[in-house]
Structure formats: structure tokens, C-alpha cells
Amino acid sequence: MADVLSVGVNLEAFSQAISAIQALRSSVSRVFDCLKDGMRNKETLEGREKAFIAHFQDNLHSVNRDLNELERLSNLVGKPSENHPLHNSGLLSLDPVQDKTPLYSQLLQAYKWSNKLQYHAGLASGLLNQQSLKRSANQMGVSAKRRPKAQPTTLVLPPQYVDDVISRIDRMFPEMSIHLSRPNGTSAMLLVTLGKVLKVIVVMRSLFIDRTIVKGYNEDVHTEDGKLDIWSKSNYQVFQKVTDHATTALLHYQLPQMPDVVVRSFMTWLRSYIKLFQAPCQRCGKFLQDGLPPTWRDFRTLEAFHDTCRQ
């Protein structure tokens with residue numbers, strides 16, 4: 001009884017109304033089944049007509065009876081109290097002019113977006129904690145002595161191992177050539193040439209990729225002193241777009257415990273640009289949009305999309 005007074009709804013009548021709706025749907029279904037079956041199971045035409053009309057009238061009477069019962073129960077249900085369960089935000093859904101003031105739908109969208117943001121922030125926090133460079137407060141409180149910080153083993157891989165991984169990846173893709181050099185010590189720099197489509201400068205720290213620059217096949221990738229130019233952007237907008245997508249791919253392919261898998265996955269994704277100017281967009285089917293080919297490649301399926309079609 002307290003629920004009835006606080007909410008303003010007769011819950012028992014509400015339950016009966018739901019049952020009445022189900023009965024009404026069953027009655028309507030029987031009407032359409034009668035129309036579908038037609039006249040049969042009688043030897044004469046007149047007998048079939050009379051049986052069909054009688055059966056059809058019974059079904060219509062059932063629909064009318066169930067509809068009247070539903071109307072009676074709807075009057076017994078009552079109206080909700082003015083204290084809306086969603087408070088002020090729930091009252092926005094009662095605005096009849098949704099096209100002009102879609103506040104409630106926008107509020108729900110913002111709520112879903114905030115939930116997704118919180119979820120992805122949790123994932124990012126977990127990944128960052130795996131490579132935490134700070135000494136935790138718990139460790140500081142346990143012992144006053146400074147403990148030597150253990151260096152992550154994945155950051156100090158021997159150069160021979162890095163060379164072996166890059167060599168295996170180079171043999172995996174015949175249309176892709178990889179030239180490895182170490183102009184500044186042990187850190188490797190890769191010059192990846194993909195067919196006659198593009199060139200990619202990959203700056204690495206052990207087996208971790210720090211930076212990528214994508215340029216056209218005919219563009220100069222060296223500075224005046226003969227070193228790889230890791231700062232200048234491409235002169236073409238299409239390859240600037242691909243550079244941005246490559247940076248996004250580096251953030252996507254993250255597996256600190258298995259850096260060789262990350263490099264192989266990134267190179268597999270990069271290889272999908274072999275048909276940069278030949279593959280149409282998988283959504284709109286066009287080869288060009290705003291003068292640019294499909295520059296985005298899906299991280300899972302490697303399908304081509306325009307930058308605006310991938311949303």
C-alpha cells in the first residue's frame with residue numbers, strides 16, 4: 001500500500017493491465033489467423049461461408065471484450081505522483097517539442113559518452129600502471145632505504161634481437177622493403193618503402209616505436225647531410241593524413257610484454273596501404289572524397305574508409 005501512495009500507481013491493476021494487453025494481442029492474432037485460413041473444412045460453399053462468418057464474428061467479439069477490459073484497467077492504474085523518479089532530468093522527456101529542444105536525448109547521449117570515457121580511462125590507467133616510472137607511496141612507507149629501481153627488460157633488448165625481429169618482418173612482406181640504420185647509437189631507425197606508393201620513417205627505442213612520418217614515394221626523406229629527416233612533414237595532404245592515422249595506430253597496438261608482436265601488427269596494418277589509390281571506401285563506395293582517397297584503415301579488418309566515413 002505504501003508503494004501505491006508514494007508512486008501514485010495501483011500496481012495490482014498495472015499487472016492486470018499487462019495481462020490484458022497480452023490477451024488483446026492474442027485476440028487480434030486470432031482475427032488475422034482466421035482471415036489467413038479462410039473458408040474450409042465444409043463440404044458446401046454455403047456451409048463454409050456461414051462457418052467463416054461465425055468464427056470471424058466470435059474473434060471480433062473477443063477483441064472488443066479484451067479492449068474494453070484494458071480500458072477499464074487503465075482507469076484503475078492511476079497517474080504517477082508529481083515526484084518524478086528521474087527528478088528534474090526526467091521531466092525533460094515530457095517536453096512535446098523534441099525537434100526544437102531535444103534536451104533529454106542529448107542528456108542521455110552525454111551520459112553514455114561519459115560512461116565510455118570512464119571505461120577507456122580505466123583501461124588507459126591500467127596500461128600506464130604497467131609501465132609506472134614513479135615510486136609508489138606504499139614502497140616509500142615500507143622502507144626508508146632507497147631501493148634500486150629495476151629497469152624494464154623490454155626496454156633494454158640487445159640490438160641483435162631487434163635486427164632479427166626486423167629481418168623476419170621484412171621477409172614476411174615481399175612488397176615492403178625495410179632498411180635499418182642506427183645513426184644515433186643503439187636506437188634503430190627504419191626506412192620502410194611500400195611498393196611505389198609511399199615511404200615511412202619509423203623511429204624506434206629498442207622494439208618500441210616512438211614516431212612515424214609518412215611521405216610520398218617520390219619525396220626526399222633525407223636531410224642535406226644525408227640523414228633521415230624525422231621532423232619534416234610530407235608536402236601532400238594525403239600522406240599527412242596517413243601520418244596522423246599511423247600515430248593513432250601506434251596508440252592502438254600496445255602490448256608492452258610482447259613488443260615484437262606490436263611491431264609485426266603495426267607493419268601488417270601499414271602494409272594495407274599498398275592499395276592506397278586503388279581501394280574504394282567500404283562505406284560510400286567512392287574512390288575520392290574532397291579530393292582524397294580512403295586514408296583510414298581499420299585496425300582489425302584492414303578495410304579502407306574515408307576519414308569521415310569511418311565514424
Self-check item: Local electrostatic count at Ala20 - Lys and Arg +1, Asp and Glu -1, tallied over other residues with Cβ under 15 Å
Solution: -1
Quiz prompt | Residues of the range 158-196 with amide N under 16 Å of a point placed 7 Å along Cα→Cβ from Leu255 | solution = 165-166, 169
Exercise. Give the total of Lys-Lys pairs in the range 183-311 with Cα-Cα distances below 13 Å; include a pair only if its members are 8 or more places apart or on different chains.
Key: 7
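Taking the Cβ of Asp170 as the center, what net charge do the other residues with Cβ under 12 Å away carry, scoring Lys and Arg +1 and Asp and Glu -1? Each step should come with its number before you reach the end.
Numbers: positive: Arg168, Arg171, Arg264, Arg271; negative: Asp163, Asp164, Glu175.
Local net charge: +1.
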Quiz item: In the neighborhood of Gln311, defined by Cβ-to-Cβ distances under 13 Å, what is the net charge if each Lys or Arg adds +1 and each Asp or Glu adds -1?
Solution: 0
Quiz item: Amide H neighbours of Arg205 under 5 Å, counting only residues 5+ apart in sequence or on other chains, H built in-plane at 1.01 Å?
Solution: Asp210
Practice problem: Could you tell me whether the range 160-221 comes out rounded, prolate or oblate from its Cα gyration tensor? Rule is a ≥ b ≥ c as square roots of the eigenvalues, rounded for a/c under 1.5, then prolate if a/b exceeds b/c, otherwise oblate. | Solution: oblate
Exercise. Could you tell me whether the range 217-280 comes out rounded, prolate or oblate from its Cα gyration tensor? Rule is a ≥ b ≥ c as square roots of the eigenvalues, rounded for a/c under 1.5, then prolate if a/b exceeds b/c, otherwise oblate.
Key: oblate
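Bear in mind these aren't lab numbers, they're just calculated from the coordinates by the rules spelled out. Small disclaimer: the values here were computed from a predicted structure and weren't measured. FYI the Cβ positions are ideal-geometry reconstructions off the backbone, even for glycines, and counts take in every protein chain you see.
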